[in-house]
Amino acid sequence: MSLPGVGERAVRLAPHRQVEARLAVGAARLLGKLKPGRLRRVLAVLSRGARPAGRARALRARQAAVSVSVRCAGLGCLQRSVAAALLCRLHGEWPDWCSGFRTRPFGAHAWIEVDGEPVGEGGAIGAFRTVLAVRADPVPGRVSRAERLRGGRSVRPGEGVGEGYGRG
C-alpha cells in the first residue's frame, strides 16, 4: 500500500522513546505480513480496553515511527499506521486504524484517524474509501466527527469491512 509522496522528516526522540518506536515498528512489520482480515482481527484484540487516542498522542506516535524507520518515513504506510497504533496502545490509547483504496488513479493506503480526521496525512487522503477499520471504543457521552457523519451510529473496534463513511 502506498500513497505517492516524499519521505517525512524525523523528529528527535529520547532514548527510551526510540526503543519503544523500534519495537513497535518491528512488530508492525511482522503484522503487515498477515492477510488483511487477520490483521484487522489482531488489531481489534489489541485495541480492546484502550481509551480513544488524542490527536497529539497519535501525531507523536506517527512521528516516532517515521523517526526510526526509513520505510515508515517513505512509502510504508501499512507499517507506519500499524506502528503508530501500537505506540498509542503502549500508552493506553487507540486511534482509529484505517485502510482503504481509491479508484482514479488506483491506489491503496493505510492511515490512522482521530475523531474521523486523518493524522499527519496530506489532502489527497480524502480520495480514499475506507475498507478496513479498527475504531477506538467511544468515550461515553462524546460524539466524534466520524459518528456525526455516520448519523450517530457507533462502530465498535474491529468493525468496518465495507464502511466508507467520509470517503470518496
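The values are calculated or read from the model by the stated rules, or taken from the named source; none is laboratory data. Given the structure is predicted, the values throughout are model-derived calculations rather than measurements. Every residue, glycine among them, receives a Cβ derived from its backbone with ideal geometry; neighbour counts consider all protein chains shown. These accessible areas exclude ligands, DNA and RNA; they are computed on the full protein's heavy atoms, side chains included. Shrake-Rupley method; radii C 1.70, N 1.55, O 1.52, S 1.80 Å.
Data for the structure
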item	result
Any hit, region 63-71, residues being outside any helix (DSSP H, G or I), free of Cβ contacts under 8 Å to residues at least 60 places away in the same chain and open to solvent by less than 40 Å² (accessible area, probe 1.4 Å)	yes
Test: residue in region 52-60 that is surrounded by 23 or more Cβ atoms within 10 Å (Cβ to Cβ), basic (Lys, Arg), outside any loop (DSSP other than H, G, I, E, B) and within 15 Å of the chain's Cα centre (by Cα)	no
Qualifying residue in region 96-113 (condition: touching a strand residue (DSSP E or B) at 6+ places or on another chain (Cβ under 8 Å) and part of a helix (DSSP H, G or I))	no
Residue match in region 16-29 (condition: open to solvent by less than 20 Å² (accessible area, probe 1.4 Å) and of a type in the set (Val, Ile, Thr))	yes
Residue check for Arg80: of a type in the set (D, E, K, R), within 23 Å of Arg38 (Cβ to Cβ) and under 12 Å from the mean Cα position of the chain (by Cα)	yes
Pair list, Cβ under 7 Å, 6 or more apart: region 80-105 residue farther than 14 Å from Ile125 by Cβ and hydrophobic (A, V, I, L, M, F, W, C), other residue open to solvent by 10 Å² or more (accessible area, probe 1.4 Å) and in a loop (DSSP other than H, G, I, E, B)	Val82/Gly32; Trp94/Ala136
Residue within region 80-87 that is more than 20 Å from Arg40 (Cβ to Cβ) and of a type in the set (A, V, I, L, M) present	no
